[in-house]
1. So which residues in region 124-142 are in a helix (DSSP H, G or I), out of contact with any strand residue (DSSP E or B) (no Cβ under 9 Å at 6 or more places or on another chain) and of a type in the set (A, V, I, L, M)?
2. Check R145, R199 and return the single one that is surrounded by 11 or more Cβ atoms within 10 Å (Cβ to Cβ), touching a residue at least 24 places away in the same chain (Cβ under 8 Å) and in a loop (DSSP other than H, G, I, E, B).
3. Just one of the numbered conditions (1) in contact with a Leu (Cβ under 8 Å, 6 or more places away or on another chain); (2) open to solvent by 70 Å² or more (accessible area, probe 1.4 Å) is not true of V183; which one?
4. With the condition kept exactly as written, say whether any residue in region 157-166 is open to solvent by 40 Å² or more (accessible area, probe 1.4 Å), touching a Phe, Trp or Tyr at 6+ places or on another chain (Cβ under 9 Å), at pLDDT 95 or above and among the charged types (D, E, K, R).
5. Go through the residues of region 63-74 one by one and say whether even a single one is surrounded by 15 or more Cβ atoms within 10 Å (Cβ to Cβ) and in contact with a Pro (Cβ under 6 Å, 6 or more places away or on another chain).
6. Return the residue satisfying two criteria in turn: it lies in region 44-62 and is farther than 16 Å from Q84 by Cα and β-branched (V, I, T), and of such residues it is surrounded by the fewest Cβ atoms within 10 Å (Cβ to Cβ).
7. When both residues are 6+ apart or on different chains and their Cβ atoms are under 6 Å apart, which pairs have a first residue that lies in region 91-117 and is under 25 Å from V190 (Cβ atoms), and a second that is open to solvent by 30 Å² or more (accessible area, probe 1.4 Å) and in a strand (DSSP E or B)?
Amino acid sequence: MSQHSRTLAIIAFGVAIAVSGLALTRQVIAVAGEADAERLNRAILVYIAQRNPQAPIRAFQGFPEVLMTEAQRSNLDHCLALAQAEVESEFKHDAVGAAGEVGLFQILPSTAALFESKVGRFKRPVLAKANRDLGDLADPVVSTRFAMAYLRDIMARKATIREALTEYNGGPAGRHPHYYRMVMGAYVEVLEHPELKCRFREAPKQIPLLTLLSRA
């Protein structure tokens, strides 16, 4: 083999090693990412079980992944959406409100119907005692998808998350301004759980200018 051929062979071998190493690195990163996602999913389910020991966790199996996806689409901390679900239903997936709101995020069927073109069709509830059927909105996954679609629609019209949450709960007139404080109170409690990997992070404390000058 000529010197030129040996050089080309060495280069080709090196490229092959580099490519295989890159593929292995990507595979390792992907596996690690899946493990992290699985740990976060379990942490969310554990939190729900802690807050509502009667919650049938099997009904919530698909909820953490959808919560993360929908919160990201809405540019919200998933922990804020989790806090909102807690305030709305206390993590009771089959909760029914006085006005006919259904599910984890207590959304009206008539409101959910406005977003079927974006989210998909859903089975309507039948709330008559003789033939009671909560339909698809009692599924935490379905409830989350419709609730976040509704909240995104409001956020497109409102300047702040405070205004958006107030309208979500009380309509355009904002009849229940205390709702925002309730969600924020629940959010603060969620933030105390590092295993939930909330996006919010406390800003580092500013060192006073006089202190900095005295250290110079």
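The values are calculated or read from the model by the stated rules, or taken from the named source; none is laboratory data. In this text the structure is predicted, and so the values were computed from the model without any measurement. All Cβ positions, glycine included, derive from the backbone under ideal geometry; neighbour counts span all protein chains shown. Heads up: the accessible areas ignore ligands, DNA and RNA and are worked out on the full protein's heavy atoms, side chains in. Shrake-Rupley method; radii C 1.70, N 1.55, O 1.52, S 1.80 Å.
1. A130, V141, V142
2. Answer to the selection: R199.
3. With (1) in contact with a Leu (Cβ under 8 Å, 6 or more places away or on another chain); (2) open to solvent by 70 Å² or more (accessible area, probe 1.4 Å) applied to V183, the lone miss is (2).
4. There is no residue in region 157-166 that is open to solvent by 40 Å² or more (accessible area, probe 1.4 Å), touching a Phe, Trp or Tyr at 6+ places or on another chain (Cβ under 9 Å), at pLDDT 95 or above and among the charged types (D, E, K, R).
5. yes
6. I57
7. V102/V96
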